[in-house]
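A short worksheet on the structure shown next.
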Amino acid sequence: MTSSELKFSLHAIIETTLDQSVLKKWYELISKDLKKEHDKVVIYAADGRPFSQKELEKFVADAIEKVNSGTYIRQEELMKEVQNW
């Protein structure tokens, strides 16, 4: 069964389920599994620190915010600063 077929079948089952407690159990099960996936290490920083998907998304969002607000150092400025070390 393809992913599309499986999603369609699950959607049909959910739509026809009347028991709210069953729906809550499915929701908790799927949510718990998605959280585990979101917390798995997906990349390592140059210094070896692990980053989960959630941490990586936050890091990227923060970096985009810094660029958009002009809070960054141009490469030329950084090279001058490094020469003074």
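Every number here is computed from the coordinates shown, using simple stated rules; none is lab data. Just so it is clear, the structure is predicted and the values come from calculations on it, not from any experiment. Every residue, glycine as well, gets a Cβ built from its backbone with ideal geometry; the counts of neighbours run over all protein chains shown.
A few points about this structure:
- Which listed residue, of LYS35, LYS54, LYS24, is of a type in the set (Lys, Arg), in contact with a helix residue (DSSP H, G or I) (Cβ under 6 Å, 6 or more places away or on another chain) and on the phi < 0 side of the Ramachandran plot: LYS54
- Counting the residues of the stretch 1-45 that are free of Cβ contacts under 8 Å to residues at least 12 places away in the same chain, over 17 Å from GLU55 (Cα atoms) and of a type in the set (A, V, I, L, M, F, W, C) gives 11.
- Selection count where residues are part of a loop (DSSP other than H, G, I, E, B) and under 20 Å from LYS58 (Cα atoms), scope the stretch 1-46: 3
- Test: residue in the stretch 48-57 that is polar (S, T, N, Q), part of a helix (DSSP H, G or I) and exposed (fewer than 10 other Cβ atoms within 10 Å of the Cβ): no
- Residue, nearest to ILE14 (Cα to Cα), within the stretch 28-85, restricted to residues that are small (Gly, Ala, Ser) and over 20 Å from the mean Cα position of the chain (by Cα): SER69
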